Amino acid sequence: MKTNGRKGKAGKGLCPVENARPRELIRQVLRRRLQEAMRGLMYDLLEQEVQALCGPRYQRGRQAEGVRAGSETGSVYWDGGRQPIRRPRVRNEGGEVTLETYQALRDYDLFSDEVQRLLIHGVSTRDYGGVVQKLEEDLPLSKSSASRAFVRASQRDLDELNGRDLSGQTYACLMIDGIEEAQTHVIVALGFTTGGSKRILGLVEGATENSTVVKDLLASLIERGLTTTERVLLVLDGAKALHKAVGAQWGDRAMIQRCQEHKIRNVRRYLPASLQDETERRMRAAYGLKSYPQARAALQKVLAWLEDRCESAARSLAEGLAETLTVQRLGLPEVLGRTFRSTNPIESMFDKIAYRCRRVKSWRGKQQVVRWAASSLLVHEPRFRRVRGYRQMHVLLAALENVALDAKTKVA
């Protein structure tokens with residue numbers, strides 16, 4: 001019987017579906033072998049502790065701290081859930097001896113980093129049991145257990161972030177801004193090194209309008225070794241408490257740049273809808289000028305224009321007007337100046353926090369918000385890139401060193 005060419009070609013090898021089967025089989029075999037090896041390792045660790053307490057099996061004439069007392073069903077925390085095992089028992093004159101190895105293997109914190117990773121990446125605690133990998137005999141990890149594991153892991157993140165050593169780097173610029181989530185304010189400090197790298201310096205629960213909270217945050221940074229250039233650029237929102245705190249810390253060495261985006265938003269709030277877009281257009285045109293005298297003159301024209309139309313908006317623009325033009329006064333190049341004209345770099349981190357917290361249905365206390373913020377920021381931090389225009393950071397350093405003190409605007 002003749003065979004056509006198609007059948008002959010197919011016979012030379014396995015079809016795609018057949019090719020997939022060996023790979024799946026190999027994956028299953030590898031996973032089963034790894035599970036068996038892990039289970040064997042746990043039994044070996046338990047047996048080592050038992051031998052240390054009781055000595056080798058069947059050895060006579062040796063004084064030991066305890067004696068073997070059989071075994072019973074127990075469970076350890078492994079592979080995303082509770083796994084049943086036969087745990088050995090040891091007794092002495094005082095009764096049952098607690099095996100430290102067994103207690104450690106039962107600790108959720110052995111896997112808390114994995115719980116944290118899943119929750120931070122958008123898996124809610126109510127869905128966690130369906131996401132973690134399980135063996136056929138697995139006892140699923142409950143929602144409450146996942147939550148407790150995340151609380152411990154996120155608290156470690158918060159302690160790490162607010163306890164990290166800040167020495168070894170010199171910072172030319174600091175940005176301080178706040179975010180509100182679930183009626184809780186969190187203040188974050190972001191630092192820019194002289195080489196243009198970014199690093200989260202610390203965070204604290206509280207509002208930027210609270211000078212005591214901000215002062216405590218700054219004091220913590222100094223205690224942990226924060227080193228700045230002789231004169232430092234501080235990019236802030238318009239909160240007076242922030243200005244008071246940085247003024248108390250750095251005095252005349254603080255070159256304050258008020259966030260231009262915050263200023264535009266604040267002015268818009270005072271305006272009727274018919275004037276908002278035109279006012280913003282004029283303000284952005286003024287802020288886009290490279291020359292400090294030209295930019296200030298343009299803003300003065302916007303101020304005069306507003307005084308005839310909305311007095312409250314004009315007062316908002318006039319308050320701290322010169323401080324919104326510090327990057328122009330320093331003569332920073334356009335790309336580098338665009339980075340330091342606003343707190344956008346730190347607000348982009350807030351967007352990440354909001355995104356990662358979107359699955360949280362109910363918040364239990366302010367500290368939970370702070371812990372989520374810390375974990376979200378530490379997940380995001382390794383992806384930080386140096387600021388745009390970092391090769392021009394020497395221009396900022398020279399400007400901070402050479403700018404005349406009498407040209408500096410006094411802290412409000």
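For the stretch 180-192, what are the residues that are surrounded by 21 or more Cβ atoms within 10 Å (Cβ to Cβ) and either modelled with pLDDT of 95 or more or out of contact with any Gly (no Cβ under 9 Å at 6 or more places or on another chain) (or both)? Full working, then the answer.
We begin by selecting, within the stretch 180-192, every residue surrounded by 21 or more Cβ atoms within 10 Å (Cβ to Cβ); these are 186-192.
Within the stretch 180-192, LEU190, GLY191, PHE192 qualify.
With respect to ALA273, determine if the residue is of a type in the set (A, V, I, L, M) and touching a helix residue (DSSP H, G or I) at 6+ places or on another chain (Cβ under 9 Å). It would help to see each step written out before you state the result.
Working: of a type in the set (A, V, I, L, M): yes; touching a helix residue (DSSP H, G or I) at 6+ places or on another chain (Cβ under 9 Å): no.
Taking the combined requirement at face value, the residue does not satisfy it.
Apart from one condition, SER274 fits all of (1) among the hydroxyl-bearing types (Ser, Thr, Tyr); (2) within 23 Å of LEU332 (Cβ to Cβ); (3) surrounded by fewer than 18 Cβ atoms within 10 Å (Cβ to Cβ); the exception is (2). Given the criteria more than 23 Å from GLN392 (Cβ to Cβ) and either modelled with pLDDT under 95 or part of a helix (DSSP H, G or I) (or both), does SER342 qualify? The answer is no for SER342.
Among the candidates ARG21, ARG60, ARG82, single out the residue that is modelled with pLDDT under 75 and assigned to a strand (DSSP E or B). Can you show your working first?
Numbers: ARG21 fails: assigned to a strand (DSSP E or B); ARG60 fails: assigned to a strand (DSSP E or B).
Every option except ARG82 fails the conditions.
Of all residues in the stretch 251-266, none are among the hydrophobic types (A, V, I, L, M, F, W, C), part of a helix (DSSP H, G or I) and in contact (Cβ under 8 Å) with a residue 24 or more places away in the chain. Can you find, within the stretch 197-247, the residue that is modelled with the lowest pLDDT among those that are among the acidic types (Asp, Glu) and surrounded by fewer than 20 Cβ atoms within 10 Å (Cβ to Cβ)? Across the stretch 197-247, the extreme among qualifying residues is GLU209.
The values are calculated or read from the model by the stated rules, or taken from the named source; none is laboratory data. Every value quoted in this text rests on a predicted model; they were computed, and no experiment measured them. Positions of Cβ are backbone-derived with ideal geometry, glycine not excepted, and every protein chain shown enters the neighbour counts.
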